[in-house]
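Undergrad: Quick one: this structure, given as structure tokens, is what I'll be asking you about.
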Amino acid sequence: STLARQHITVAALLERIAREAQVFIAAAGQTLTVEIEAELGEVEMNLDIDRIRHVFVNLLTNAAKYSPAGEAIVLGAVAGPLGFVRFAVRDRGPGIAPEDAAHIFDRFYRVPGQSKSGAGLGLTIAREIVVAHGGSINCASELGQGTEFYFLLPR
């Protein structure tokens, strides 16, 4: 299926996402902080906004689900390598063990011993959307410290 690309600045994109995410993040008792590297705000991206929105909402919903109340979730954008933009969602949740992090994007993979519901498809779909845009997605996590999901998209 083809991407319906539109131009949007990094700042406008993250504002739009934050406005929507604020609702379910506040409901889970957390706060949302947006951090954009200064020179990136006005950079124009050419994206399928609905699909990229789906990626952010999936990552932010997961962050809200696994973070303790009172924690801040960070939605960020910094310049990545090779002219890519690096978008990230960081939480201060329990973190993901390295052996689970290796499989987190696999279809139907569920972290063992995990009580939260879900089909385990969200991250697989998120990865498909990012890859369709010519990007890549990954996760960096430390047990007890939290998790960062980040994805690179070409400018």
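Undergrad: Report the residue count in the stretch 124-138 for those that are open to solvent by 20 Å² or more (accessible area, probe 1.4 Å) and not β-branched (Val, Ile, Thr).
TA: The total comes to 6.
Undergrad: Still on this model: Within the stretch 5-35, work out how many residues are closer than 16 Å to residue 153 by Cβ and either polar (S, T, N, Q) or open to solvent by less than 80 Å² (accessible area, probe 1.4 Å) (or both).
TA: Total meeting the criteria: 9.
Undergrad: Could I ask something else about it? For the stretch 36-69, give me the residue count where each residue is open to solvent by less than 60 Å² (accessible area, probe 1.4 Å), aliphatic (A, V, I, L, M) and closer than 21 Å to residue 25 by Cβ.
TA: 9
Undergrad: Please determine, by comparing only the residues of the stretch 83-99 that are hydrophobic (A, V, I, L, M, F, W, C) and closer than 17 Å to residue 60 by Cβ, which one is surrounded by the most Cβ atoms within 10 Å (Cβ to Cβ).
TA: Among them, the one singled out is 87.
Undergrad: Moving on to the next point. Sort through 46, 62 and tell me the only one that's polar (S, T, N, Q) and either closer than 17 Å to residue 148 by Cβ or touching an Asp or Glu at 6+ places or on another chain (Cβ under 9 Å) (or both).
TA: Among 46, 62, only 62 is polar (S, T, N, Q) and either closer than 17 Å to residue 148 by Cβ or touching an Asp or Glu at 6+ places or on another chain (Cβ under 9 Å) (or both).
The values are calculated or read from the model by the stated rules, or taken from the named source; none is laboratory data. As the structure is a prediction and not an experimental result, all values here were calculated from the model. For neighbour counting, all protein chains shown are included, and Cβ atoms are generated from backbone atoms with ideal geometry for every residue, glycine included. Just so you know, the surface numbers come from the protein's heavy atoms only, side chains and all, with ligands and any DNA or RNA stripped out. Shrake-Rupley method; radii C 1.70, N 1.55, O 1.52, S 1.80 Å.
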